[in-house]
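In what follows, a structure is listed as structure tokens, so that the remarks can point back to it.
Where a number appears in this text, it was derived from the coordinates with a stated rule and is not lab data. Just so it is clear, the model here is predicted, and its values are computed rather than measured. FYI the Cβ positions are ideal-geometry reconstructions off the backbone, even for glycines, and counts take in every protein chain you see.
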Amino acid sequence: MQLKVKHLGPLRQAEFELGDLTVICGKNNTGKTYATYALYGFLSFWEDSFIPTVTQDKIDILLNEGSLIIDLSEYIEQANKIIGQACKRYSKLFPQVFASSEKHFADTEYQMSVSQDRLTVTKKFHKVYGSTKKDQFSIQKGPNETLEVSLLLDRESLATLQRAPLQAAIGNAIKDIVFSSTLPHPFIASAERTGAAIFRKELDFARNRLLEQMNSMERDLDPFSLLDKVYADYALPVHRNVDFTRRLEEIFKRESFIAKKYPELLADFSELIGGRYKVVRDELYYIPDANKRIRLTMDESSSAVRSLPDIGFYLHHVAQPNDLLMVDEPELNLHPENQRKIARLFARLVNLGIKVFVTTHSDYLIKEFNTLIMLNQKGTAVERIRKKEKYREAELLHSEQIRVYMAQKKPLLLEGNKRKVPVLTLVPADIDPELGIEAESFDNTIDEMNRIQEALFFAQENA
């Protein structure tokens, strides 16, 4: 998946490709979070709101003949045109996504494209639509690249069938079958997640108070538009984090595919936080392994514990294959040892089929990804180190799985200019199959610190 942006926050012009593991590094205020939120916003818009067009002539055939066969290859061939239509509509939503003024996004452009050879049509799909009293129509994946739609109503009842819901159902089915393997379901943990964990009760109280006020107002008031204003000052990812944190009691009852098939990964996460999270009567607690009789609220827990509940609940209760887990600064409040552990956990998720997207300031995170690439080499010496340091096969990474970008200034030839101009952009880092990632920004800072300390050491020697 290739993405291009122009005039997005500090990023004047940038493009990047989504890998199985995507990492954006860089200094503060260089556009990392803008790129992250923009991608999350698009995938949310695609999943929740955008519907590929199903033409009226197809609906006419269905209503006249009672059944319809759609050739999915036409949607595969037009995949980038369809995604382009979604991008055009989405570009108008940046003020809502970022909870900011329209003038900040007057010139913003957002483009996405996919390689057609990577589009994998879902093999199975079958749904029946209707009311609790009567089924109206069914949609199922047919042989080869076809979609079969069948009416389940008699002729007398056809008059009750409305075209718009029918078109929407077929369009959403096409979206699921053709695009779900390429445009993943996103889950985001924003940098504001610590506050959401601490103040979840206060946020819930504010929402409930507004609901009470709504009940006393005029009946013709649109409650949903008013309710949305509770979090109107938050960017969409923060809004979603708050909402996720509010629903933990409901989410706690579910079970992810990781919980069912890979409980050892959850055990590693519990080791990382030194305990586990638990919801009791809608209250979120942390139970430390050192004393399991103690239940600590979030404001009684360490900052590291407060920064990871949404990731923990995602892993235990929500995660599905082909998801995209997006984490803004996963190193927040974590000791370097735990930063290395979370890098290894991300690598395991990648190898289980969950794509991971992170922004980071952490050299420890990058260096650990490097180690996971370097350890994935043949040879008895490497294997000996791997066993000695207790790295697992499931944690190792191939260089082609990962994309790393540095948010920094680079001379680019912009539209309307005759010469290159230095602008903030995303510069791909070199990734060697044997040596790993060349993270120039971190390396330069570390080299400078080493140079100063070395000069001080020799100054003391020669004093």
| field | Mean Cβ neighbour count within 10 Å, used as a protection proxy, ranking 1-8, 132-139 highest first | value | 1-8, 132-139
| field | Percent antiparallel among DSSP beta bridges (both partners in the chain, rounded to 5) | value | 70
| request: Rank by packing, highest mean first: peptides 165-176, 424-435, with packing defined as the count of other Cβ atoms within 10 Å averaged across residues. | output: 165-176, 424-435
| Pairwise FRET efficiency - E415 versus T160, Cβ, R0 = 51 Å, nearest 0.05 | 0.45
| query | Cα-Cα over 27 Å: which of K103/K409; K88/K175; K4/K127; K134/K175? | reply | K4/K127
| Between E77 and K124, what length in nm is gained on full extension when 0.36 nm per residue of separation is reduced by their alpha carbon distance? | 14.9 nm
| message | Loop-only GluC sites (Glu not before Pro) in region 379-414, please: DSSP not H, G, I, E or B, and at most 11 other Cβ atoms within 10 Å. | response | E389
| message | Can you tell me what share of the DSSP beta bridges in region 254-373 is antiparallel? A percent to the nearest 5 is fine. | response | 60
| field | Cβ-defined net charge surrounding I24, 13 Å radius [Lys, Arg +1; Asp, Glu -1] | value | -1
| said: Given axes a ≥ b ≥ c from the Cα gyration tensor, I'd like to know whether region 295-363 is rounded (a/c under 1.5), prolate (a/b larger than b/c) or oblate. | reply: oblate
| Applying the Karplus parametrisation 6.51 cos²θ - 1.76 cosθ + 1.60 with θ = phi - 60° to the phi angles of region 58-70, what ³J(HN,Hα) value in whole Hz is obtained for each residue in order, glycine and proline being reported as x? | 5, 5, 4, 4, 4, 5, 7, 9, x, 8, 8, 10, 9
| Between T297 and H104, what FRET efficiency follows from the Cβ-Cβ distance if R0 is 30 Å, with the result rounded to 0.05? | 0.20
| query | Once the dipole of the chain is set up with Lys and Arg at +1 and Asp and Glu at -1 on Cβ about the Cα centre, which of S180, Q453, L308 lies farthest towards its positive end? | reply | L308
| query | Which angle between 0 and 90 degrees, to the nearest 10, do you get for helix 200-215 versus the longest principal axis of the chain when only C-alpha atoms count? | reply | 30
| Based on the Kirkwood radius over alpha-carbon pairs, what value in µm²/s does the Stokes-Einstein equation return for the translational diffusion coefficient of the chain at 4 °C and 1.567 mPa s? | 52
| said: Given a Förster distance of 45 Å, report the FRET efficiency between S115 and Q460 from their Cβ-Cβ distance, rounded to the nearest 0.05. | reply: 0.20
| Most to least packed among 257-270, 22-35 [average Cβ atoms within 10 Å] | 22-35, 257-270
